[in-house]
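Below: one structure, written as structure tokens.
The values are calculated or read from the model by the stated rules, or taken from the named source; none is laboratory data. Note that the structure is predicted; figures quoted are calculated from it, not measured. Cβ: placed from backbone, ideal geometry, glycine included. Neighbour counts: every protein chain shown.
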Amino acid sequence: MNLRRAFTLIELLVVIAIFVVLLGLLLPAVQKARETANRAYCLNNLKQIGIAMHLYSNSNESLPAGYLYQATATPANGAPGSGAGIEVLDRPPPPTAAPPPNAPGWGWAALILNDIEQSNLAGQINYSMPVESVGSTSVRTTVLSLYTCPSDTSTGVFTVQTSLNATLAAAATNSYAACFGYGGLPNTEPDSGNGAFYRNSHTRFLDITDGSSNTILVGERAALAAQGPWAGVMTGGTIRTTPSAPVYSATYELAPVMVMARVWDKTLNSPLSEPYDFFSPHSQVVNFLFADGSVHGLSIATDLTVLQALATIGGGEVVNASEF
């Protein structure tokens, strides 16, 4: 008589328990390795952006603007600031609900396309037309891996909304934002930045008197915190706290903040962060590109006064490299 050999229930449960324990030990190591690789990828993104910034400066004698604005440009919605010209009135115009004009709005990330091997995409842009115009749809909805941190979430094409929650346009996200500086109001006073980037900025490396190794150009502002379009600023649009963001409150900022962030009164990755703050998906560090082309991951414990000094181009602050 042949007996069939099989696992008993107890043996099967023991095997499953051992498998679960081994899996529990293995998963954290796998996740840590993956995050290390993602962070390296993110740092490389910023490194390539830095090379592109220097190439752009070599060709144009300055860094790209935070974003482009022409007072005589016509917005896509026909409001003042978006067409072929502005009518001259002999009396004050009547009150209007039209948003502050920012057209054409193409941002720093769009201006360096030729320098990141995206000449074909750059060739599709009419830089005199607003980012939000129908003719710019295919460009602004193109997802670019260089502008996407692999640890970031809520990336890809999203819907830009107005302050009244109406749909304005679709756009692809950017995990990075240019540095407006320390303090200031990038949302309502986009020309007043003391960092390397602001509206129509044309900062030269000679203007960075704090030292290129002590000055931030671009840092992480992850889509998981606030979704901003890489293409540029859209007149009438807003940048909003992403619903799943790990922060205490949700808010929105006006269009200029779509491409710029600042250092103010919050440390990195603070749970009190708002859309104009730098924020990283890497939890304990936030990656930054410096003006000398170097990239560094700054700890979220970095002293606020150090961050404030690094954000400006000419504040005269002395920063010890060991502090970051």
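Looking across segment 251-273 at every residue that is part of a loop (DSSP other than H, G, I, E, B) and crowded, with 21+ Cβ neighbours inside 10 Å, the one that is nearest to the chain's Cα centre (by Cα) is identified as Val259. What single numbered condition from (1) free of Cβ contacts under 8 Å to residues at least 12 places away in the same chain; (2) farther than 30 Å from Thr137 by Cα fails to hold for Asn214? (1) is the only condition that Asn214 fails.
The residue list Thr203, Thr188 contains one member that is out of contact with any Gly (no Cβ under 7 Å at 6 or more places or on another chain), part of a loop (DSSP other than H, G, I, E, B), farther than 21 Å from Pro130 by Cβ and in contact (Cβ under 8 Å) with a residue 40 or more places away in the chain, which is Thr203.
Consider Asp152 carefully, then state whether it is over 23 Å from Thr235 (Cα atoms) and of a type in the set (Asp, Glu). Yes, satisfied.
Just to be sure, is Val160 part of a helix (DSSP H, G or I), over 25 Å from Thr203 (Cα atoms) and either in contact (Cβ under 8 Å) with a residue 40 or more places away in the chain or of a type in the set (A, V, I, L, M, F, W, C) (or both)? Here the answer is no, as Val160 does not meet what is asked. None of Tyr276, Tyr248 is surrounded by fewer than 24 Cβ atoms within 10 Å (Cβ to Cβ) and among the aromatic types (Phe, Trp, Tyr) except Tyr248. The residues of segment 206-228 include none that are at positive phi and either outside any loop (DSSP other than H, G, I, E, B) or modelled with pLDDT of 95 or more (or both).
Just to be sure before I move on: is Ser244 over 25 Å from Pro100 (Cβ atoms), modelled with pLDDT of 95 or more and small (Gly, Ala, Ser) in the structure I sent? No. Of all the numbered requirements in (1) among the β-branched types (Val, Ile, Thr); (2) at pLDDT below 95; (3) surrounded by fewer than 22 Cβ atoms within 10 Å (Cβ to Cβ), Val157 misses one, and that requirement is (2).
Residues of segment 101-141 that are in a loop (DSSP other than H, G, I, E, B) and buried (at least 16 other Cβ atoms within 10 Å of the Cβ): Pro101, Asn102, Ala103, Ile112, Gln118, Ile125, Met129, Pro130, Val131, Glu132, Ser133, Thr141.
Entry remark, segment 204-237: residues being of a type in the set (Ser, Thr, Tyr) and crowded, with 23+ Cβ neighbours inside 10 Å number 2 in total. All conditions in (1) farther than 27 Å from Leu68 by Cα; (2) modelled with pLDDT under 95; (3) assigned to a loop (DSSP other than H, G, I, E, B) hold for Ser322, with the sole exception of (3). The set of residues in segment 197-214 being within 30 Å of Pro101 (Cβ to Cβ) and not hydrophobic (A, V, I, L, M, F, W, C) consists of Tyr198, Arg199, Asn200, Ser201, His202, Thr203, Arg204, Asp207. When Gly183 is tested against (1) under 18 Å from Asn287 (Cα atoms); (2) modelled with pLDDT under 95, only condition (1) is not met.
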